[in-house]
Amino acid sequence: MQSRRIAPVLAVSVLATLAPAVAVAAPATSSGSGAQQLTWQRCSADEPAAFECATIKVPLDYGAPGGKKIDVAVSRLKAADPTKRRGVLFFNPGGPGGAGLGEPLMWNDLLPQSVKDRYDLIGFDPRGVAKSTPIECGTTPQERQVLRPYKKGTFASSVAWARTFADKCRAKYGADLKHFTSRNTARDMDAIRAALGEKKINYVGVSYGTYLGAVYTQMFPHRSDRIVLDSAVDPNSAWRGVVRAWATGAEPAYDRWTRWTAERHAEYGLGATPEAVDKGFWDLVAQADRQPIKVGEDLLDGAAVREAMRPVFFYRAEGAKILVQLKKAAAGEPIEVPPPYVVQDNEMSLFNTIVCGDATWPRDPATYRRDAVRDAARFPIYGDFTGNITPCAFWDAPVEPATKVNNRVGALIVQAEWDSQTPLAQAQAMHRGMKGSRLVTVDEGETHGVYRMGVSDCADAVTTAYLTTGKLPTKNVTCAADPTPPQSAQQPEVTDQRNRLPLQARS
């Protein structure tokens, strides 16, 4: 399949799965890691001296704590005011596959002083990522295109690709691979907590980080203090249901976009009615299927156009601008194309390792064929992508059942109404699973990643108050989006590392 990238947008999407897993559950403790003493040193000569790093040894398999150990890299910035310090604040930027070692530096630039005064800011590369015993299956750039459109004529090759991806990882890592899961990452977090000498952790997780945070609260409810889940997934549909939510979420976002764009026909020239805008988009898709559109060095067929446009339909102005550019390219006019983000082997290998290992996937390729055909009819923009086969169909069975999140741990869930990666319904499902939580919804918010991202002063104030006082709102809160929220002209859905699931390529 041809590589895809487009003007200000992305290209590779990923993820998947359903069903509970089978097998014996490992203990929900960090036993075997002990209360290690962390040896802190300056992370890098190029970074502030106050930014310190250390490495902790954790069991590969918590069910066999005396066995093989792996490394988990940890970082910190100490609380700005030791007299006000109340604990540690962990961060996870998303993924699975996102490196988190640099999170304290990023958040130090974003957080209000009242939060920085109270917490040591703690980052870590989750197991399998970057400096934490990285998983690299030896995949090619072509193999790292994980979400692929369903076509009758190419389904056999898609099945072969999925099998090859899984076989490469299995051949390199064997049985070790099954221990790189979200549940074990949560256990690693608890081992870090113990090594830091803390009774509880506070936490800010974005995107996939919301799932990891929810899993931690389920496994370690008495170790969970102030928990912020920003741009949340439905923890009880991980992972195939989470991905397929992209298809369902795209349809209302597209309808909203056609209405908005039609009202601005004088500016964009894409149609004076929603029906005309809709027709223009699908005419472009059909044109690209007949004659692929040259964008930079790539040729985009109709599926590539749909893949590129799905996320930006949530960003009304950006969606209109990008479609204008695509139409220019289709007419043979030159357009500017920024350098593509190249997904690395570690990112995509670890991504599949986690999502395939967290829960059981359908094993029969015919299931994916049926789902893709059905979803394409129901959700024409993206259903064939999210229903189609993935490497998880050929992965080894998980070692533990999928985590069922159902607890009363207090948490604050923060969500934009029009989030392209984790649609609002996903956050609402997280709120139902976490019965002690409160949900802050940014009305008309167009972003993935809310807190301190210039999206809503109201949402920022509620979140900061929770982190500094520990008091949740008495009920769910609806906040207005700021009048002119900043949007990246180059990648509207990915303004920084934390705003991604790598469900998408960078998003």
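Numbers below:
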read-out	value
Scan of region 284-302 for residues that are in contact with a Leu (Cβ under 7 Å, 6 or more places away or on another chain), under 20 Å from Arg148 (Cβ atoms) and assigned to a helix (DSSP H, G or I), ordered by number	Ala288
Verdict on Val409 being among the aliphatic types (A, V, I, L, M), modelled with pLDDT of 95 or more and either in a loop (DSSP other than H, G, I, E, B) or within 16 Å of the chain's Cα centre (by Cα) (or both)	yes
Filter result for Gly34 (modelled with pLDDT under 95 and more than 25 Å from the chain's Cα centre (by Cα))	yes
From the options Glu318, Glu336, residue that is surrounded by fewer than 23 Cβ atoms within 10 Å (Cβ to Cβ) and farther than 19 Å from Gly387 by Cβ	Glu336
Residue selected from region 39-53 under the condition of a type in the set (A, V, I, L, M) and within 17 Å of Ala79 (Cβ to Cβ), by the criterion surrounded by the fewest Cβ atoms within 10 Å (Cβ to Cβ)	Ala49
Unique match (being of a type outside the set (Phe, Trp, Tyr), within 26 Å of Pro380 (Cβ to Cβ) and buried (at least 22 other Cβ atoms within 10 Å of the Cβ)) among Val159, Val146	Val146
Qualifying positions in region 415-452 - buried (at least 24 other Cβ atoms within 10 Å of the Cβ) and assigned to a loop (DSSP other than H, G, I, E, B)	Asp419, Ser420, Gln421, Thr422, Pro423, Thr447, His448, Gly449, Val450, Tyr451
Selected residue (only one of Ala329, Ala304 is out of contact with any Phe, Trp or Tyr (no Cβ under 7 Å at 6 or more places or on another chain), surrounded by fewer than 24 Cβ atoms within 10 Å (Cβ to Cβ) and over 14 Å from Trp239 (Cβ atoms))	Ala329
Verdict on Thr353 being touching a helix residue (DSSP H, G or I) at 6+ places or on another chain (Cβ under 7 Å) and at pLDDT 95 or above	yes
Conditions (1) under 22 Å from the mean Cα position of the chain (by Cα); (2) under 22 Å from Thr210 (Cα atoms): number failed by Tyr382	(2)
Residue tally, condition surrounded by fewer than 19 Cβ atoms within 10 Å (Cβ to Cβ), touching an Asp or Glu at 6+ places or on another chain (Cβ under 6 Å) and more than 22 Å from Gly95 (Cα to Cα), over region 339-391	0
Among (1) in a helix (DSSP H, G or I); (2) out of contact with any strand residue (DSSP E or B) (no Cβ under 9 Å at 6 or more places or on another chain); (3) closer than 24 Å to Asp301 by Cβ, the one test that Asn352 misses	(3)
From Phe281, Phe314, residue being assigned to a loop (DSSP other than H, G, I, E, B) and under 24 Å from Gln421 (Cα atoms)	Phe314
Close pairs from region 336-358: first basic (Lys, Arg), partner part of a helix (DSSP H, G or I), Cβ under 6 Å, at least 6 apart	none
Residues of region 84-118 that turn out to be crowded, with 24+ Cβ neighbours inside 10 Å and farther than 26 Å from Val233 by Cβ, as a count	0
Matching entry among Thr474, Thr484 (being modelled with pLDDT of 95 or more, of a type in the set (S, T, N, Q) and assigned to a loop (DSSP other than H, G, I, E, B))	Thr474
Neighbours by Cβ (under 8 Å, 6+ apart or cross-chain): first from region 72-85, under 21 Å from Thr469 (Cβ atoms) and among the small types (Gly, Ala, Ser); second modelled with pLDDT of 95 or more and assigned to a strand (DSSP E or B)	Ala79/Tyr119; Ala79/Asp120
Selected residue (criterion: surrounded by the fewest Cβ atoms within 10 Å (Cβ to Cβ)) from residues of region 253-277 that are among the aliphatic types (A, V, I, L, M) and not in a helix (DSSP H, G or I)	Ala272
Residue in region 148-164 that is closer than 30 Å to Arg183 by Cβ and touching a strand residue (DSSP E or B) at 6+ places or on another chain (Cβ under 8 Å) present	no
So Glu417, is it over 15 Å from Val204 (Cα atoms), touching a Leu at 6+ places or on another chain (Cβ under 9 Å) and modelled with pLDDT under 95	no
Failed condition for Pro401, given (1) at pLDDT 95 or above; (2) touching a Gly at 6+ places or on another chain (Cβ under 6 Å); (3) part of a loop (DSSP other than H, G, I, E, B)	(2)
Filter result for the condition that a residue is basic (Lys, Arg) and under 20 Å from the mean Cα position of the chain (by Cα), over Lys435, Lys404	Lys404
Which numbered condition Trp246 fails, given (1) crowded, with 22+ Cβ neighbours inside 10 Å; (2) hydrophobic (A, V, I, L, M, F, W, C); (3) more than 20 Å from Asp375 (Cβ to Cβ)	(3)
Region 186-197: number of residues that are hydrophobic (A, V, I, L, M, F, W, C) and either crowded, with 24+ Cβ neighbours inside 10 Å or under 27 Å from Ser231 (Cα atoms) (or both)	4
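Per-residue answers, yes or no, for (1) buried (at least 24 other Cβ atoms within 10 Å of the Cβ); (2) more than 21 Å from the chain's Cα centre (by Cα):
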position	(1), (2)
Lys178	no, no
Asn184	yes, no
Lys199	no, yes
Tyr216	yes, no
Pro221	no, yes
Asp225	no, yes
Leu229	yes, no
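The values are calculated or read from the model by the stated rules, or taken from the named source; none is laboratory data. All values reported here derive from a predicted model rather than from experimental measurement. Counting neighbours? That spans all protein chains shown, and the Cβs are built from the backbone with ideal geometry, glycine included.
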